[in-house]
There are 2 protein chains.
Amino acid sequence: MLRSRSAALAYSGARAAPRSWASRVIVRGDLGRRARFLSAAAGNAVSVNADRLNRTIHETCRWGEAHRFGPDPTETGMCRLALTDSDAEARRWFVDEMKAQGCKVSVDQMGNIFAVRKGRKEGAPTAMGSHLDTQPSGGRYDGILGIISGVEAVRTLNEHNIETEYPVAVVNWTNEEGARFPQSVVSSSVYAGSTPLADAWALADIADASKTMKSELERIGFLGSVPCSFDANPIAAHFELHIEQGPILEKAKAKVGVVTGGQGYRWYDVQVSGRAAHSGSTPFYSRSDALLCAARIIAKSNEIAKEHRALATTGILTLEPGSTNVIPSSVRFTLDVRHPDIKPDTLDAVERDLIDATFEIALKESELGCDVNWKRTSVANAVQFPPAGVECVKEAGVAVVGEKKVLEIVSGAGHDSCAVSYRCPTSMVFVPSKDGLSHNPREYTSPEDCAIGAQVLLNAVLAYDRRRAAGLV
Amino acid sequence: MLRSRSAALAYSGARAAPRSWASRVIVRGDLGRRARFLSAAAGNAVSVNADRLNRTIHETCRWGEAHRFGPDPTETGMCRLALTDSDAEARRWFVDEMKAQGCKVSVDQMGNIFAVRKGRKEGAPTAMGSHLDTQPSGGRYDGILGIISGVEAVRTLNEHNIETEYPVAVVNWTNEEGARFPQSVVSSSVYAGSTPLADAWALADIADASKTMKSELERIGFLGSVPCSFDANPIAAHFELHIEQGPILEKAKAKVGVVTGGQGYRWYDVQVSGRAAHSGSTPFYSRSDALLCAARIIAKSNEIAKEHRALATTGILTLEPGSTNVIPSSVRFTLDVRHPDIKPDTLDAVERDLIDATFEIALKESELGCDVNWKRTSVANAVQFPPAGVECVKEAGVAVVGEKKVLEIVSGAGHDSCAVSYRCPTSMVFVPSKDGLSHNPREYTSPEDCAIGAQVLLNAVLAYDRRRAAGLV
């Protein structure tokens, strides 16, 4: 996104932000331990209200609260599947709150909600986007923190009567998780033009095929008329605060991850077919053991991934017929392979090695041999976020927590930011996840860290707004 | 069982049965291709009616018929779980038919049915035992062939007005499969004194815990008053015709397996506990992947079993939470280990090596490590059948199909014969299973092979009866 000499200058300038930009601010609220940090918002020494932020997170978690694991009101996880009644309630709250904050709210054909706060000038808004939907067995931060931080950022701007140069927006993307309608980041992908609207509308509820995304959007009143299209309804940039969902920041004792991109991933369904036979009366030479074959492939996938510095994971495995003394005839398992390389070469190599090894195992090692059927079910190329957004997040992060506590990081998971990053400057702010845990009711990020993240998000948006007004991006 | 010099003589005599004993007989009936074979029943040149035998197998399969796989009336498998209505119907048919054949029928406390045909002398009957119950997804031969062959043997004796020296019996043992009430060969074990009656009565239906073996026996009218006890209600010997359920006879082009014993087995439940985490954002160094750990243990169990010439099989594996991009936190799998050694040394060694290897894998190989919990759920020592019965089967098999088509074999599976072999001379006749397939709707043994098996069964019983009358056993 370095389109001019001045932009290049801004880029190098951001690397060494003048010290005078930083001013000391305090996260307000009654958190027990008050977090103190510096704001990068030069000229906008406005700080988010940490207490209000965290209170809003937990208040809105009443819609979809599930999986209690302790007596404290916040000791539950979440089950707020996209376009269910609980998601609809959270959405209605979001619309009402944003309207109360003076925003203009619109809903597009995929139910994406755009809440826009006016700026001095007309133009596409600088967006803070994330998602209100959760995994069936999810936690209180994934997606939710991103949206509530956007709400808190708007509240903060209003509270301090801060006028931005251009509009800013909070965007709720529909069905990021892909847990109910099985395609993740589906609505941001339609918006970015990489998934056809009709395909997304036709996605069926995995638990009830009679319900599609379109019929459920209609049912809950969120099938909007605004075109779901970056071209027709553009945003100027996209920033997203998200929990890391991994252990890297925590292990490095860092507080802010500046996300430079997202790793590529490929998903596979592997079907191994053998032959059911009695475990006692069938010698090894007469077996075609689908589970033994699958176990060897899974163990090997780990070795191959390590050789390539990639990741490989099997999260689902089912077998038939399933009796202690019957050799499994059929095993189906998933394989999720990831690598941050922007070029697909490494994932290509991993795939080639995996398939070679699999057929070697299936043919030779598993007694009589098994049939193996590979199917690629999902492909996402690695994403490199344009520097214009990344530098804003870095500048904000360094100013808020200091250089030593800021880490550049590649996102391991997919996010709406990855989908829209092809269309506009994009970056993400990561905050630590306790024990690296996520997609789990016990997912946790401390109130202090949530507030740090929200502050960095707000400051990055303000930084981007300033540069945009200065013609630097 | 070689208790006297004369018995020893009989034993050596059986090894080289005089040629004059053999007489040419034909399997009658309209099988398309008529099987011709020799009978070992010296002085009892009686042959079973192959057509009637096979007709009866398929006629009685109407009770519990399931899993159709072709248009022919016999192209189905079976689902006749113990003590269900379909088992009750098959039982009532068996009782009626045996009474019609002049047998005295009694039912014991476990619902075992004894149909006794008088002999010249009083005394405990020589039994032909097997079971009418099937696996939920079973075939038309396992257990059924053994019972119907007993019925056919009695019909044949009646038809030829053959009086045996001692009574002979057909015995239907209850719940051999252990598929509904989860303990296999349970009622023959109670009879042999190795399982307490109260424990067996208390076994609950795996699908409905409110139903026990006792309550279901009562419900279907088969809770008898005869003590379920070898001491109180003895049999003189136990012979059983069964399909091999494996590929050994078929591969060796043999027609009759003379079963010399059953291998020992141990069943384990293995619980691997790791930690759920995101597949994309969790580096290997921060994982505790329960499925990877389980896959490595399963692959290793196969290597260890091979080193010891044992068998190891995992037939059930379940995991949680089960999502493509979530590392499994918990995996539970079964392990079935078998070896024919009469001494437990080999199974002890396999168990020791398995547990050592498992903990090695769990501690070191699986990233952060997993917790593994082993539980032995079932133990059956290897069984060596007493020579008195084995020699009768061998003599009968050699006379019917010739020495080249007879193979000594150790049973891989457990059978009622294994349970009662501690109390009386016991042996089994195996006939080939097509493709070694069993516990499968497509389980198949040709009508000719079924008839060969029934003929060997009858002749073995007659041989035992003669020896018993001569005081040789």
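The values are calculated or read from the model by the stated rules, or taken from the named source; none is laboratory data. Keep in mind the model is a prediction, meaning the values are calculated, not measured. Here the Cβ is made from the backbone with ideal geometry for all residues, glycine too, and neighbour counts use every protein chain on show.
Here's the yes/no breakdown for (1) more than 18 Å from the chain's Cα centre (by Cα); (2) aromatic (Phe, Trp, Tyr):
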position	(1), (2)
B:Trp201	yes, yes
B:Ile206	yes, no
B:Lys214	yes, no
B:Leu223	yes, no
B:Leu241	no, no
B:Pro247	no, no
B:Ala254	yes, no
B:Arg266	no, no
B:Val270	yes, no
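Which ones in region B:306-332 are at the interface with chain A (Cβ under 8 Å from one of its Cβ atoms) and more than 22 Å from A:Thr134 (Cα to Cα)? If the condition is that a residue be at the interface with chain A (Cβ under 8 Å from one of its Cβ atoms) and more than 22 Å from A:Thr134 (Cα to Cα), then B:Lys306, B:Leu311, B:Thr313, B:Thr314, B:Gly315, B:Ile316, B:Leu317 are the ones that fit. Only one of the numbered conditions (1) in a loop (DSSP other than H, G, I, E, B); (2) of a type outside the set (A, V, I, L, M, F, W, C); (3) over 15 Å from B:Ser438 (Cβ atoms); (4) touching a residue at least 40 places away in the same chain (Cβ under 8 Å) is violated by B:Tyr141, and that is (3). You will find that of B:Gly246, B:Gly257, the residue that is at pLDDT below 95 and either surrounded by fewer than 23 Cβ atoms within 10 Å (Cβ to Cβ) or under 29 Å from B:Val456 (Cα atoms) (or both) is B:Gly246 and no other. Within region A:161-172, the residues that satisfy the criterion of being out of contact with any strand residue (DSSP E or B) (no Cβ under 6 Å at 6 or more places or on another chain) and either in a helix (DSSP H, G or I) or within 12 Å of A:Leu458 (Cβ to Cβ) (or both) are A:Ile162, A:Thr164. Can you say whether B:Asn158 is in the same structural domain as B:Gln455 (by TED's automatic domain parsing), without any contact (Cβ under 8 Å) to a residue 60 or more places away in the chain and touching a strand residue (DSSP E or B) at 6+ places or on another chain (Cβ under 9 Å), as far as the supplied structure shows? When the stated conditions are applied, B:Asn158 passes them. Taken over region A:359-383, the criterion of being within 14 Å of A:Val331 (Cα to Cα) and surrounded by 21 or more Cβ atoms within 10 Å (Cβ to Cβ) is satisfied by A:Ala362, A:Ser366, A:Cys370, A:Val372.
Inspect all residues belonging to region B:69-87 and state whether any of them is at pLDDT 95 or above, surrounded by 19 or more Cβ atoms within 10 Å (Cβ to Cβ) and in a strand (DSSP E or B). Checked region B:69-87: at least one residue is at pLDDT 95 or above, surrounded by 19 or more Cβ atoms within 10 Å (Cβ to Cβ) and in a strand (DSSP E or B). Looking for something under 30 Å from B:Pro196 (Cβ atoms) and surrounded by 15 or more Cβ atoms within 10 Å (Cβ to Cβ) - is there at least one such residue anywhere in region B:148-159? The answer is yes; a qualifying residue exists. Please go through region B:115-139 and pick out each residue that is more than 14 Å from the chain's Cα centre (by Cα) and more than 16 Å from B:Val461 (Cα to Cα). Once the filter is applied, which keeps residues that are more than 14 Å from the chain's Cα centre (by Cα) and more than 16 Å from B:Val461 (Cα to Cα), region B:115-139 yields B:Glu122, B:Pro136, B:Ser137. In a residue-by-residue description of region A:202-223, the property of being under 27 Å from A:Pro425 (Cα atoms), surrounded by fewer than 24 Cβ atoms within 10 Å (Cβ to Cβ) and out of contact with any Phe, Trp or Tyr (no Cβ under 8 Å at 6 or more places or on another chain) applies to no position.
Look at (1) in contact (Cβ under 8 Å) with a residue 24 or more places away in the chain; (2) farther than 30 Å from A:Asn54 by Cβ; (3) polar (S, T, N, Q) and you find that A:Thr195 fails only one, number (1). Restricting A:Ala277, A:Ala290 to those that are hydrophobic (A, V, I, L, M, F, W, C), crowded, with 24+ Cβ neighbours inside 10 Å, more than 10 Å from chain B (Cβ to nearest Cβ) and farther than 30 Å from A:Thr426 by Cα reduces the list to A:Ala290. Considering each residue of region A:220-237 in turn, none proves to be under 26 Å from A:Gly193 (Cα atoms), touching a residue at least 40 places away in the same chain (Cβ under 8 Å) and within 14 Å of another protein chain (Cβ to nearest Cβ). Looking across region A:238-267, the residues that are within 14 Å of chain B (Cβ to nearest Cβ), touching a Lys or Arg at 6+ places or on another chain (Cβ under 8 Å) and more than 22 Å from A:Cys424 (Cβ to Cβ) come down to A:Leu249, A:Glu250, A:Tyr265, A:Arg266, A:Trp267. Residues in region A:434-451 that are more than 10 Å from every other protein chain (Cβ to nearest Cβ) and assigned to a helix (DSSP H, G or I) were compared, and the one that is nearest to A:Arg338 (Cα to Cα) is A:Lys434.
If only one of B:Ser366, B:Ser427, B:Ser378 is under 30 Å from B:Asp449 (Cβ atoms) and either free of Cβ contacts under 8 Å to residues at least 40 places away in the same chain or not acidic (Asp, Glu) (or both), which one is it? That would be B:Ser427, the only listed residue that is under 30 Å from B:Asp449 (Cβ atoms) and either free of Cβ contacts under 8 Å to residues at least 40 places away in the same chain or not acidic (Asp, Glu) (or both). In region A:410-433, the count of residues that are assigned to a helix (DSSP H, G or I) and surrounded by fewer than 24 Cβ atoms within 10 Å (Cβ to Cβ) is zero. Note on region A:286-401: enclosed helices (runs of 4 or more DSSP H) holding 1 or more residues that are under 30 Å from B:Ile248 (Cα atoms) and at pLDDT below 95 are A:345-360. In the condition set (1) outside the structural domain of B:Leu368 (by TED's automatic domain parsing); (2) touching a strand residue (DSSP E or B) at 6+ places or on another chain (Cβ under 7 Å); (3) of a type in the set (Phe, Trp, Tyr), B:Phe230 is compliant with all but (2). Please give the number of the condition B:Gln183 fails out of (1) under 20 Å from B:Val461 (Cα atoms); (2) among the polar types (S, T, N, Q); (3) surrounded by fewer than 19 Cβ atoms within 10 Å (Cβ to Cβ). Single failed check for B:Gln183: (1).
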